[in-house]
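K.L.:
Attaching a single structure in C-alpha cells format; questions to follow.
The values are calculated or read from the model by the stated rules, or taken from the named source; none is laboratory data. Everything quoted here is computed from the prediction, not taken from an experiment. Here the Cβ positions follow ideal geometry from the backbone for every residue, glycine too, while neighbour counts run over all protein chains shown. Note: areas computed on protein heavy atoms with side chains; ligands, DNA, RNA excluded. Shrake-Rupley method; radii C 1.70, N 1.55, O 1.52, S 1.80 Å.
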Amino acid sequence: MPMPTVLVATWRNGLFAVADNTFHEEWPGQSVRGLTRESSGDALAIVGGRSLCRRTAEGAWSTIARSELELACCVAVGATIYVGTDDAARVMRVCDDGSLERLGGFDHVSGRDRWYAGTALVDGRVVGPPLGIRSMAATCNHAALLANVHVGGIPRSTDGGATWQPTIEIDSDVHQVCAHPTRPEIVIAAAGVGLCISRDGGQTWTIEREGLHASYCSAVAFAGDDILVAASTDHFAQQGAIYRRPIDREGLISPVGGGLPQWLDGIADTGNIAVRGLAVAVADRAGNLFLSEDGGRTWSRGGENLPTPSSLCVY
C-alpha cells in the first residue's frame, strides 16, 4: 500500500500535509501542536494555543472547543476528548456543547506539591517550558487515562479522570507517554532517565538504558512488535538517534538502521514519532522528515528543512 498522508505540525508555521512528495500548507502562521488520531480516523490538534480542532481525511477543519488557558495536548478516549494545559498542569474534558470541564481531581494528585517546571541553563540564561501536561494517553480498553506532567511523573486515572494516582517517580522527567493500540497492559514512556515500560497498564514501571548512546529519551511509539524510542544527550543536543526494542522479548535496545541516519539533526521531540499500521514517520528538530512503509525496517527521506516540527500524525 502507498505511504499514507503524514501531517507535520509546527510551532509557528502551521501544518504541512505530506503525500506523494507534495506539501500542502494549512493554518499558515499559526502554532499547531498535539496532533493525535481519533478512532474515526480524523485528526485532533491544538491550533493557536487555545483552540482544539478536528481535521477530516479530506482536509476540512472544524473547531471543537476553545480554552481560556494555553493547551498542550489532547487524547480521544472513545467519544470523549481530554485536553491538557501548557500552564498550571490541568486536565479538562470536552463537553458535548464544546465547553471544557476542569477535572478537579487532578488538582489533588498525591505529590503534586513537588511538581516543577523543567529548566536548563543555556548561554547563561535559565530557559524551559512552564509546568504543564506534555502528553496524554489511554489504554485501548479505556480502563486507564494517563497524563504526562513535565515535570511531575505520569498520574493515572481509572474512573474517567475523577481521581488520579501517581505512578512513576517525579524526577524521571517524562517527555511522552504512549499506550499500545491493542494490548491494554502495555504502556511506554520516554523520559530523561531512559525508556520506561509498564506491563500493568501504567501502574508500575521499569527503566531501560542499556543500548542507548545516552539516557535522555524524548519520544516513543509502537511499530508492530517493537518499541521505537528517540534518545539524545539532552533537550538541546545537536544530534539524536532512534532505537528499537522488542515489546515482549528480552534483548538490548538497538539502533533502527535500514536507511535511517545513525544521527538525526537534533532530537526527535515529543510526538515526533508517529505510526499507523506499517507506516512510520520520524521528524527531527531541523525539519528532516523520514518515512517507512514496513514498520521501520527500511526508510526514505520524506522532506527536509521544514519549520521546527511540534508533532506528527500518520493518517
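K.L.:
Of everything in the range 41-83 that's of a type in the set (A, V, I, L, M) and over 19 Å from the mean Cα position of the chain (by Cα), which residue is nearest to residue 138 (Cα to Cα)?
P.N.:
Going through the qualifying residues, I end up with 79.
K.L.:
Scanning the range 1-34 for residues that are acidic (Asp, Glu) and open to solvent by 60 Å² or more (accessible area, probe 1.4 Å), which turns out nearest to residue 307 (Cα to Cα)?
P.N.:
25
K.L.:
Pairs needed: first member in the range 196-222, in contact (Cβ under 8 Å) with a residue 12 or more places away in the chain and under 18 Å from residue 255 (Cβ atoms); second member anywhere, surrounded by fewer than 15 Cβ atoms within 10 Å (Cβ to Cβ) and among the hydroxyl-bearing types (Ser, Thr, Tyr); C-beta distance under 7 Å; at least 6 residues apart or different chains.
P.N.:
Sorted first by the residue in the range 196-222, then by its partner, the pairs are 211/254; 214/233; 216/233.
K.L.:
Please verify whether residue 274 is in contact (Cβ under 8 Å) with a residue 60 or more places away in the chain and open to solvent by less than 40 Å² (accessible area, probe 1.4 Å), treating the condition exactly as stated. Working first, answer last.
P.N.:
On the way: in contact (Cβ under 8 Å) with a residue 60 or more places away in the chain: yes; open to solvent by less than 40 Å² (accessible area, probe 1.4 Å): yes.
Yes; evaluated as a whole, the condition is true for this residue.
K.L.:
Could you tell me how many of the residues in the range 102-121 are within 23 Å of the chain's Cα centre (by Cα) and in a strand (DSSP E or B)?
P.N.:
The total comes to 2.
K.L.:
When only residues in the range 1-40 that are acidic (Asp, Glu) and under 21 Å from residue 301 (Cα atoms) count, which is farthest from the chain's Cα centre (by Cα)?
P.N.:
20
K.L.:
Please find, among 315, 216, the residue that is touching a Pro at 6+ places or on another chain (Cβ under 8 Å) and either surrounded by 17 or more Cβ atoms within 10 Å (Cβ to Cβ) or closer than 17 Å to residue 178 by Cβ (or both).
P.N.:
On the way: 216 fails: touching a Pro at 6+ places or on another chain (Cβ under 8 Å).
315 is the lone residue from the list that is touching a Pro at 6+ places or on another chain (Cβ under 8 Å) and either surrounded by 17 or more Cβ atoms within 10 Å (Cβ to Cβ) or closer than 17 Å to residue 178 by Cβ (or both).
K.L.:
Now, a different point. Can you find, within the range 78-93, the residue that is nearest to residue 161 (Cα to Cα) among those that are buried (at least 21 other Cβ atoms within 10 Å of the Cβ), aliphatic (A, V, I, L, M) and out of contact with any Asp or Glu (no Cβ under 7 Å at 6 or more places or on another chain)?
P.N.:
91
K.L.:
Looking only at residues in the range 193-209 that are open to solvent by 40 Å² or more (accessible area, probe 1.4 Å) and outside any strand (DSSP E or B), which one is farthest from residue 233 (Cα to Cα)?
P.N.:
Among them, the one singled out is 200.
K.L.:
Need a quick list: strands (runs of 3 or more DSSP E) entirely within the range 1-67 having at least 1 residues that are more than 21 Å from residue 288 (Cβ to Cβ), modelled with pLDDT of 95 or more and hydrophobic (A, V, I, L, M, F, W, C).
P.N.:
Strands (runs of 3 or more DSSP E) meeting the threshold: 43-47, 51-55, 61-66.
K.L.:
Would a scan of the range 242-257 turn up a residue that is more than 21 Å from residue 135 (Cβ to Cβ) and among the hydrophobic types (A, V, I, L, M, F, W, C)?
P.N.:
Of all residues in the range 242-257, those more than 21 Å from residue 135 (Cβ to Cβ) come to 246, 248-252, 254-257.
So of that shortlist, the ones also among the hydrophobic types (A, V, I, L, M, F, W, C) come out as 252, 256.
The answer is yes; a qualifying residue exists.
K.L.:
Then there is this: Which condition from (1) open to solvent by less than 40 Å² (accessible area, probe 1.4 Å); (2) under 17 Å from the mean Cα position of the chain (by Cα); (3) in contact (Cβ under 8 Å) with a residue 40 or more places away in the chain is the one that residue 302 breaks?
P.N.:
(2) is the only condition that residue 302 fails.
K.L.:
Continuing with this model, one more query. Any chance you could count how many residues in the range 51-69 are free of Cβ contacts under 8 Å to residues at least 12 places away in the same chain and surrounded by fewer than 12 Cβ atoms within 10 Å (Cβ to Cβ)?
P.N.:
Adding up the residues that qualify gives 3.
K.L.:
Condition first: open to solvent by 20 Å² or more (accessible area, probe 1.4 Å), aliphatic (A, V, I, L, M), under 26 Å from residue 206 (Cα atoms) and assigned to a loop (DSSP other than H, G, I, E, B). Can you find one or more residues in the range 142-159 that meet it?
P.N.:
Within the range 142-159 (the criterion being open to solvent by 20 Å² or more (accessible area, probe 1.4 Å), aliphatic (A, V, I, L, M), under 26 Å from residue 206 (Cα atoms) and assigned to a loop (DSSP other than H, G, I, E, B)), the answer is yes, since at least one residue qualifies.
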